[in-house]
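Take a look at the structure set out below.
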Amino acid sequence: MTDLEQYLQTYFDFDQTDLVTVASFFKPEILKKGDYYLKTGKLCNKLSFIQSGMLRVYVDLEDREVTQWICTQGYFVTDLSSLVFEKPARWNIQALADTAIYTIDKHDYDRLGEYLPKWPVTEKLFIAHCFTTLEDRVFSFLSMTAEQRYNLLFDSHRDIFTQVPLQYIASMLGMTPETVSRIRRKQLN
């Protein structure tokens, strides 16, 4: 069983036949460090599962870059608004390291219901999971201190703290690099 199949099996309630069917639509790809998965303004016509490596989701503003998220192994990546509503992407998505992904194109994604009668329920759960993740991030920004947000991210994604530049982590947390450094020093004492 591939990493993709294992993840799909734990996340969704697929029987073995449905699992193999869904996984067969995903094709392996490799992104080299620095390669773009997606650029702002382009249509996102794919959804990918990260087997290894990491991708940074960010936007270039006039005066700075803002990192929305660092996607790591075991997670899906796309610009959901662009994929579903066929709007130009708001985000750049770039490989921070050599990254192995499994990708399904939009045409095949849209056809999954032809092969799996329960796909609408599965897709609803997938999108609800995406929405819940977003709600959790909004909640943390509205209700937690900078140190609490740092600790939450550190506890759940410890690996990025040794592999991702500090300014990306700080931006993702809505902080300056100096604030992250201060919190990090405090944690070490």
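Only the coordinates and a few stated rules stand behind these numbers; no lab work does. Worth saying up front: this structure is predicted, and the values here are computed from it rather than measured. Every residue, glycine among them, receives a Cβ derived from its backbone with ideal geometry; neighbour counts consider all protein chains shown.
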Relative contact order, percent, the range 3-117 [alpha-carbon distance under 8 Å, six or more residues apart] = 37 percent
Under a point spin-label approximation (7 Å from Cα along Cα-to-Cβ), what is the S156-F85 distance to one decimal in nm?
-> 2.4 nm
Return the label of the correct value of Rg and Dmax of the Cα atoms in Å, as calculated from the structure shown, out of [x] 29.5, 119; [y] 20.5, 63; [z] 17.5, 57.
-> [z]
Taking R185, R137, R56 and counting other beta carbon atoms within 10 angstrom, the fewest-first order is R185, R137, R56
Show which lysines lie in cross-link reach of K27 when reach means a straight Cα distance below 17 angstrom and same-chain residues fewer than eight apart are skipped.
-> K46, K106
Which of H157, H107 has the fewest Cβ neighbours within 10 Å, and the rest in rising order | H107, H157
Final fewest-first order of V20, V180, V138 on the 10 Å Cβ neighbour count is V138, V20, V180
So how far, in whole Å, is the C-alpha centre of the range 169-189 from the one of the range 36-84?
-> 23 Å
CD proxy at 222 nm, helix term only [per DSSP H run n ≥ 4: -39500 (n - 2.57); per residue of the chain; nearest 500] | -15000 deg cm²/dmol
Please determine, in degrees from 0 to 90 and to the nearest 10, the orientation of helix 177-188 with respect to the longest principal axis defined by the Cα atoms of the chain, where the helix direction is its Cα long axis.
-> 80 degrees
